[in-house]
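Structure first, then comments.
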Amino acid sequence: METAEQRVKRWIRPSILESSTYHVPDSSGLIKLDAMENPYSWPEDIKQAWLQKLSQVNVNRYPDADASVLKEKLSKTFAIPVDQGVMLGNGSDEIIQIIAMAVAKPDVVFLAPEPGFVMYRVIADLVRAEYIGVPLKADDFSLDLDAMLQAIERYQPAVVFLAWPNNPTGNLFHIDTIEKIITSAPGLVVLDEAYHVFAEHSFMPQLPQYENVLIMRTLSKLGLAGLRLGVLVGPNCWLNEFEKLRLPYNINVLTQCSAEFILDYINVLDQQAAQIRKDREYVFTELKLMPGVQVWPSAANFILFKTKSICANDVFKGLKDAGILLKKLHGSHTWLENCLRVTIGTSDENNAFLKALKKIL
Ligand SMILES: *Cc1c(COP(=O)(O)O)cnc(C)c1O
């Protein structure tokens, strides 16, 4: 008789068998500065009001499949232009997956600058699309416009993903280059504004001028990573097709209720973001003063830096031994040799990180 393992080998697609599970490191007991989470919780009275609201949720019932109340509130909060459609995802990762599934067919191409957000490639692989990464400029990680336009011309991508600001480099691509890419792209351009509150820049006002641009947002970096709520905004003719792939109840009742609730207190989250932006400048200045460290300016809630005299593997390990978890980028891209990414935490967390790093260096 065939063993379970043999059956798995026979039936699971070879590309899945060869791929690996997305790895999330164990962070228990560590100061978590690896995943761009907001380090703050809510004031006690708001927390109590939220719990009160949650207690009225009917978990025995399916959620509103259209999440219409939540979408209405998001449209106001994000100043979404009136003629634009909104689709919600279980995190923006799910939205990327839905877009990918909708355009996937043999020989379809997704294109993104690199180093960039890894999920674009991961999801391209899952739907068996071809993924083309176009190198950013090595010195300042700006878009190499000529290389982008040539690659767009040559590969005719169905979707170009642009994270604005970019992860893991933290910079905001120049708006002129983005517009040139949009007008040259034969298909969709997805502007991933996961960090828009930290950048204080958005393409939202210009969105109605284009027929091939979608803006993606998430509540994760704003302080609600645990809820899993991503937002896609763009022309209804695109979103109507994506809606056919969205599973009907992808936004659960607790997420809908919690997000509706906190959007009434968006000023709390905005104040937290303002604090994070301020602390980002402090951490940036401190890193810049450290000998042997190269640091890049960031418009997001994290900072990319390079340790020039010590291998980033050792720095990563040293920090972990000191109780601090960062994201190690060394080994993930040629441009990121000896690079690490630190998320801005509370001021105590930031100082613990800076102190431990100084000691290691
Ligand atoms: C974190 C991140 C996301 C994913 O957000 P979720 O909504 O939590 O899935 C998307 N894009 C970029 C560029 C990110 O850094």
message: Give all pairs with beta carbons closer than 9 Å in which a residue from segment 279-308 that is on the phi > 0 side of the Ramachandran plot meets a residue that is of a type in the set (S, T, N, Q) and not in a strand (DSSP E or B); count only pairs at least 6 apart in sequence or on separate chains.
response: Gly292/Ser309
statement: Across segment 211-234, the tally of residues that are near the ligand (Cβ under 10 Å from one of its atoms), of a type outside the set (D, E, K, R) and part of a loop (DSSP other than H, G, I, E, B) stands at 5
- prompt: Among Lys47, Lys73, which is in contact (Cβ under 8 Å) with a residue 60 or more places away in the chain, surrounded by 11 or more Cβ atoms within 10 Å (Cβ to Cβ) and under 17 Å from Tyr265 (Cα atoms)?
  reply: Lys73
query: Of all residues in segment 109-121 being among the aliphatic types (A, V, I, L, M) and under 20 Å from Arg228 (Cα atoms), which is farthest from the ligand (Cβ to nearest atom)?
result: Val118
field: Residue satisfying condition, being among the basic types (Lys, Arg) and in contact (Cβ under 8 Å) with a residue 24 or more places away in the chain, within set Arg121, Arg128
entry: Arg128
- prompt: Quick check, is Phe141 part of a loop (DSSP other than H, G, I, E, B), out of contact with any Leu (no Cβ under 7 Å at 6 or more places or on another chain), touching a residue at least 60 places away in the same chain (Cβ under 8 Å) and not acidic (Asp, Glu)?
  reply: yes
- request: Could you grab me the full set of residues in segment 309-343 that are assigned to a helix (DSSP H, G or I) and either more than 24 Å from Val134 (Cβ to Cβ) or within 18 Å of the chain's Cα centre (by Cα) (or both)?
  value: Ala312, Asn313, Asp314, Val315, Phe316, Lys317, Gly318, Leu319, Lys320, Asp321
message: Of the residues Val59, Val69, Val8, only one is β-branched (Val, Ile, Thr) and outside any helix (DSSP H, G or I); which?
response: Val59
field: Residue pairs meeting the criteria (Cβ under 9 Å; at least 6 apart or on separate chains; first in contact (Cβ under 8 Å) with a residue 12 or more places away in the chain, in segment 195-208; second within 11 Å of the ligand (Cβ to nearest atom) and among the acidic types (Asp, Glu))
entry: Ala199/Glu193; His201/Glu193; Ser202/Glu193; Phe203/Glu193; Met204/Glu193
message: Tally up the residues in segment 24-44 that are in a loop (DSSP other than H, G, I, E, B) and exposed (fewer than 15 other Cβ atoms within 10 Å of the Cβ), please.
response: 8
query: Name the residues in segment 74-108 that are over 22 Å from Pro63 (Cβ atoms), assigned to a helix (DSSP H, G or I) and away from the ligand (no atom under 15 Å from the Cβ), would you?
result: Ala102, Val103
task: Among the residues of segment 204-225, write down those that are more than 16 Å from the chain's Cα centre (by Cα) and of a type in the set (A, V, I, L, M, F, W, C).
output: Met204, Leu207, Val213
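Computed from the coordinates by the stated procedures, all read-outs in this text should not be read as laboratory data. Remember, predicted model here, so these are calculated numbers, not experimental data. All Cβ positions, glycine included, derive from the backbone under ideal geometry; neighbour counts span all protein chains shown.
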